[in-house]
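Here is the structure we will look at.
The values are calculated or read from the model by the stated rules, or taken from the named source; none is laboratory data. Quick caveat, the model's predicted, so the values are computed rather than measured. Cβ coordinates were reconstructed from backbone atoms using ideal geometry, including for glycine residues, and neighbour counts include every protein chain displayed.
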Amino acid sequence: MATEINIKNIPTGYQSIISNGRHSILGDEPINSKGTDLGFSPVDLILAAISMCKVATIRNVSRRKGWEIGDVDAQLSQRVVRNKDGSLKTKVHSKIKIEGDITEEQRKELIAEADNCYVTRMVRGDWELSHSEELADELETATL
């Protein structure tokens with residue numbers, strides 16, 4: 001089943017109402033980019049997706065293995081470097097804190113699993129971005 005996100009951009013700043021059909025959030029650009037800074041920026045959303053997948057993976061693996069953990073906190077930061085050829089190289093750094101009575105070996109295993117979570121693998125993968133006026137029809141056809 002394909003994932004579908006709907007965006008409604010309104011004239012204030014760069015505010016966009018982002019919905020998956022069940023939940024909605026507000027996206028925007030920071031003030032220095034002429035936005036209103038009243039919502040998550042596109043970069044915020046990408047980092048949030050990666051970090052959410054990482055912490056959920058840690059929780060999932062620890063539950064499967066019967067390891068008792070408490071809160072899992074992640075902090076991600078990114079830096080973009082422009083290469084000489086004009087292409088962009090994005091470097092993402094994460095810090096993850098896992099509360100609980102686990103060994104250093106278990107912690108390392110959980111972090112390794114987190115670094116290979118679904119969203120991280122997807123971002124590292126090969127993307128094909130396309131545009132169509134009939135996107136909804138294409139998505140329906142692709143999921144049959």
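For the reader, a short list of remarks on this structure follows.
- Leading residue by the ranking (surrounded by the most Cβ atoms within 10 Å (Cβ to Cβ)) among those in the range 32-44 that are touching a residue at least 24 places away in the same chain (Cβ under 8 Å), more than 18 Å from K91 (Cβ to Cβ) and in contact with a strand residue (DSSP E or B) (Cβ under 8 Å, 6 or more places away or on another chain): G39
- Among the candidates R107, R82, the residue that is surrounded by 16 or more Cβ atoms within 10 Å (Cβ to Cβ), of a type in the set (D, E, K, R) and not assigned by TED's automatic domain parsing to the domain that holds T3 is uniquely R107.
- Taken over the range 6-29, the criterion of being polar (S, T, N, Q), loosely packed, with under 13 Cβ neighbours inside 10 Å and assigned to a loop (DSSP other than H, G, I, E, B) is satisfied by T12, N20.
- The range 15-31 residues that are not assigned by TED's automatic domain parsing to the domain that holds A48, paired with ones that are among the β-branched types (V, I, T) and not in a strand (DSSP E or B) (beta carbon under 6 Å, 6 or more apart): N20/I5; D28/T36
- Count of the range 11-35 residues which are basic (K, R) and within 18 Å of I46 (Cα to Cα): 0
- Qualifying residue in the range 38-51 (condition: aromatic (F, W, Y), modelled with pLDDT of 95 or more and under 15 Å from the mean Cα position of the chain (by Cα)): yes
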